[in-house]
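Just below is one structure, and these are the notes that go with it.
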Amino acid sequence: MSQIVLEGRDLKKSFGPTVALAGVDFVVHRGEAVAIMGPSGSGKSTLLHCLAGIMRPDSGEVHLLGQRIDTLGERKRSALRRTRFGFVFQFGQLLPELPADENVALPLMLGDVPRAQAVQQARSWFGPLGLAGMEGRRPGELSGGQAQRVAIARALATRPAVVFADEPTGALDQATGHDTMRLLVDATRRNDASLVVVTHDPEVARWCDRVVEVRDGRILTGPPHTGYVTPAGLPNAGYATTVAPSYTGHVPAPQVPQESPRGWRPEAGER
Amino acid sequence: MSNLLRLTWRLLKGGGRQGLLGSSLTIVAVAVSTALLLFAVAVNFAFAGRADRGAWRHPVPAKGEARAVEALHIDFLGDRPITVVDVAVLEPGVAPPRGLSRLPMPGEVAISPALAGEPALRGRYPGKIVGTIGDEGLVHPGELVAVVGHAPGDAAVSAKWKGDYRLGQSATKVADFTGAPSSDAVAYRFLAIIASVFMVVPLLVFGGAAARLTVARRDRRLASLRLVGATPGQVVAMTVAEAVITAFAGAVLGLALYAVAIPPLTQVEITGGTWFTSDMWPGVLPIAAVLLAVPLLVGLSAVVGLRRVVVSPLGVARRETPPGMRFIRVVVLLAILAVVPAMGMGVSVGVVAVVLGSAFLALNLVGPWVVGVIGRVTARTARGPARLLAGRRLVDDPRSAWRTVSGVALTGFVAGFIGLLTPPTDLDVGSDKATAWLLQDIRTGTVVVLAVSFLVAIVSSGITAASSVLDRRQTYALLRLAGTDLAVLDKARRLETLIPLVVMGGGSIATGMFCAAPFARLGVSAAGALTLLICVAAGFAGVIAAGALSRPLLRSVTTDPAPRPD
Ligand SMILES: Nc1ncnc2c1ncn2[C@@H]1O[C@H](COP(=O)(O)OP(=O)(O)O)[C@@H](O)[C@H]1O
Ligand SMILES: [Mg+2]
């Protein structure tokens, strides 16, 4: 199979007497979208946090592109999160006082991209994500779905290797949630980033390449759920036109990624 | 109603660790303000007390029938003044002055306990010691006073005083020994009023900030209550109840704090003497008034802070762009400043106090507007993320940014005012002891007022810094999860304070100096410049240190791996 981007081996984590992770092996391949499902309290978020270098597992190892990252110091893990990972949370990750474009530009500026260039790059995400005209709005002036799309742009702006999303549509109604999740899955795929997404919605999980079930801190073994997904392509091409008309797949390539090998490539095979 | 109260109490208790921390911050803020407010009030009572206790020495010519003769002069033991009052009884039966049980007859003296205990003065005022002057007849503890009895024709009670008018009074026929406060005592009361204005205004601002601190924490929760259908009246009632309960606890704590501070405060020397403990205790009624007024003011301030939630539940929940502030604020300040050059030494105390107070309040009104402007400039010119964050934050909430620096900025006003008025230390007063005292007292007063202002300023900026971390904990935590360095967040926070501090601090000092100009006869002195310089340095250091104190708090709120909105 394709290259392994992120790998967790025998991850264990307890909070006092509560065992959140009881030995989890987890692999993410390049460009793949993995859904994590499971009941509340089963350890999904903890797994995400351990993989993303937010939290240190009690035991086990985490490797990013072959390099061990769980033993790095806080400063280095912080830099790693900033440069190699992107995050989409349920809500509240946008800075309320910054306009949308500056919210997206912020991680670039933190990576020392000059402001003008960072903002220009940030704006190139707005059109493809159906956010044209929203650049100057502040998060309080956006709908929940729009705010999450800005968050997706922000997560992808630094061209991360892996995007982590913890119930990114948990605060949205179902239709908006599906739109948003479609955008998330497609956008990460097109940018050659891998996606690890925690979700409760089986519908959403179907668009991912793989579904991992977590129960009581363990991964349920069983046949991987792949039924609705074509391995590398779009899950259900017709869906885009019916549910997310604003996103047709004819994406004007952002002016930005001239030099980046992992640009936003319009896929020839699609429609 | 009782249901509402119960719900309020729940909200107060159920705020969790962070909520508790927020309430504690409010309590501390209110306690410090109450203690300092009590001090500002007590200062006036203290000087009034001194004026009353010393009045009997300053004879008032009898209008009708004269019953005694009284003369006053100041002797010296080295640098220590000795108050000598010469009396002669013209008609027996005249009541003795306060502090004495009977008047000394010719050949008799009454002396203060301190004079009795001073071996160097034994025999300086000969005569039979017939009484000790009680505390109620002494201006300050340890004062050296002698009341010497004479026959009506003696030289001491018929001569005219030819020395410095502040060091003696000619023999005067009086009807009784009530007397009148000396002109010096009146002048000191005037200075005390000005000092109080300087201390009370920043305290009011600070108290308001403390009140809004409670509100800020509840904003979202109350907005949700509004969304589920609580009436505006209910929301207001709950907020006020919460703010008032918290503030009352703070006020009581403040009273305790002040009581602890009384012994050291009585040791501050003014006019060559310390204070009685009772001087620093303004009495039951004024204290009760303060304990009542503080929670009321905090409650009122809370209502004002809540206006936006009550008017529109979505206003807070959705965080729209706040309405801009109008330029009219600046016009108000300019209008008040236009009055200043018309003031001079001849203007009455009341007018000066009102103009100073208004200038002070207007400065506070202009502050947020200027902070907003600074924020826009900062955001527009920012190159790095920290500056951008700081600038946008200043634009977003100029009032809260102003709250962090207002204390120090307003103290800058006081420092500018006083800096221009501080007499030079090398002013040649020669043997003019009275002037030397006055200058020394002005310096002492200056130091006390500035110390109080800075204490308020620094405590307030520390508390607002901490509360702003608490208010934004979720955003900070998520930024940190996404890999933002604490250093960047810290730098943004620092800039957010420093930029307005530099601009507004400078502006306030200039305004203060401008207001002092009509009274500055001595010109700018080295001592004044030094005072100013020390103030500026202390203020900046204090604010930065106070901000740095909330750094561990920032660290703690951002290490929670799974931040949840409350
Ligand atoms: N910071 C924490 N402190 C204590 N217990 C925690 C903490 N985080 C998670 N847990 C516990 O670990 C278990 C797994 O939590 P989590 O990973 O958040 O579950 P999920 O995301 O699947 O709902 C739960 O029982 C939860 O109570
Ligand atoms: Mg979770």
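The values are calculated or read from the model by the stated rules, or taken from the named source; none is laboratory data. Here the structure is a predicted model, which is why all the values come from computation and not from measurement. Glycine also receives a Cβ, built like all others from the backbone with ideal geometry; neighbour counts cover every protein chain displayed. Heavy atoms of the whole protein, side chains included, go into the accessibility calculation; ligands, DNA and RNA do not. Shrake-Rupley method; radii C 1.70, N 1.55, O 1.52, S 1.80 Å.
Annotations
- Positions within the stretch A:32-47 being within 21 Å of A:ALA187 (Cα to Cα) and either near ligand 1 (Cβ under 8 Å from one of its atoms) or part of a loop (DSSP other than H, G, I, E, B) (or both), in sequence order: A:GLU32
- Any hit, the stretch B:337-347, residues being open to solvent by 40 Å² or more (accessible area, probe 1.4 Å) and more than 27 Å from B:VAL186 (Cβ to Cβ): yes
- Residue check, B:PRO322 surrounded by 15 or more Cβ atoms within 10 Å (Cβ to Cβ) and modelled with pLDDT of 80 or more: no
Conditions tested, residue by residue: (1) under 25 Å from B:PHE45 (Cβ atoms); (2) over 20 Å from the mean Cα position of the chain (by Cα); (3) at pLDDT 80 or above.
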{"residue": "B:GLU143", "(1), (2), (3)": "yes, yes, yes"}
{"residue": "B:VAL174", "(1), (2), (3)": "no, yes, yes"}
{"residue": "B:PRO181", "(1), (2), (3)": "yes, yes, yes"}
{"residue": "B:ALA185", "(1), (2), (3)": "yes, yes, yes"}
{"residue": "B:ARG218", "(1), (2), (3)": "no, yes, no"}
{"residue": "B:LEU222", "(1), (2), (3)": "no, yes, no"}
{"residue": "B:LEU225", "(1), (2), (3)": "no, yes, no"}
{"residue": "B:VAL236", "(1), (2), (3)": "no, yes, no"}
{"residue": "B:ILE245", "(1), (2), (3)": "no, yes, yes"}
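- Leading residue by the ranking (nearest to ligand 2 (Cβ to nearest atom)) among those in the stretch A:177-201 that are open to solvent by 10 Å² or more (accessible area, probe 1.4 Å) and among the acidic types (Asp, Glu): A:ASP201
- Scanning the stretch B:469-497 for residues that are among the hydroxyl-bearing types (Ser, Thr, Tyr) and either within 10 Å of chain A (Cβ to nearest Cβ) or open to solvent by less than 20 Å² (accessible area, probe 1.4 Å) (or both) turns up B:THR475, B:TYR476, B:THR484.
- Only one entry in B:VAL84, B:VAL109, B:VAL94 is within 27 Å of B:GLY153 (Cβ to Cβ), in contact with a His (Cβ under 8 Å, 6 or more places away or on another chain) and β-branched (Val, Ile, Thr), namely B:VAL84.
Residues checked against (1) within 10 Å of chain A (Cβ to nearest Cβ); (2) charged (D, E, K, R); (3) closer than 19 Å to B:MET513 by Cβ:
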| position | (1), (2), (3) |
| --- | --- |
| B:ALA353 | no, no, yes |
| B:GLY357 | no, no, yes |
| B:THR378 | no, no, no |
| B:ARG383 | yes, yes, no |
| B:ARG387 | yes, yes, no |
| B:VAL414 | no, no, yes |
| B:PHE417 | no, no, yes |
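- Annotation: A:VAL88 fulfils all but one of (1) open to solvent by 20 Å² or more (accessible area, probe 1.4 Å); (2) more than 9 Å from chain B (Cβ to nearest Cβ); the unmet one is (1).
- Pairs, first farther than 21 Å from A:ARG68 by Cβ and in contact (Cβ under 8 Å) with a residue 24 or more places away in the chain in the stretch A:21-40, second of a type in the set (Phe, Trp, Tyr) and more than 16 Å from ligand 1 (Cβ to nearest atom), C-beta under 9 Å, six or more apart: A:ALA33/A:TRP207; A:ALA35/A:TRP207
- One residue from A:ALA100, A:ALA147, A:ALA52, A:ALA35 being within 16 Å of ligand 2 (Cβ to nearest atom), more than 9 Å from chain B (Cβ to nearest Cβ) and touching a helix residue (DSSP H, G or I) at 6+ places or on another chain (Cβ under 9 Å): A:ALA35
- All positions within the stretch A:159-176 that are open to solvent by less than 30 Å² (accessible area, probe 1.4 Å) and more than 16 Å from ligand 2 (Cβ to nearest atom): A:PRO160, A:ALA161, A:VAL162, A:VAL163
- If the condition is being closer than 28 Å to A:VAL162 by Cβ, polar (S, T, N, Q) and in a helix (DSSP H, G or I), then the stretch B:468-507 contributes B:GLN474, B:THR475.
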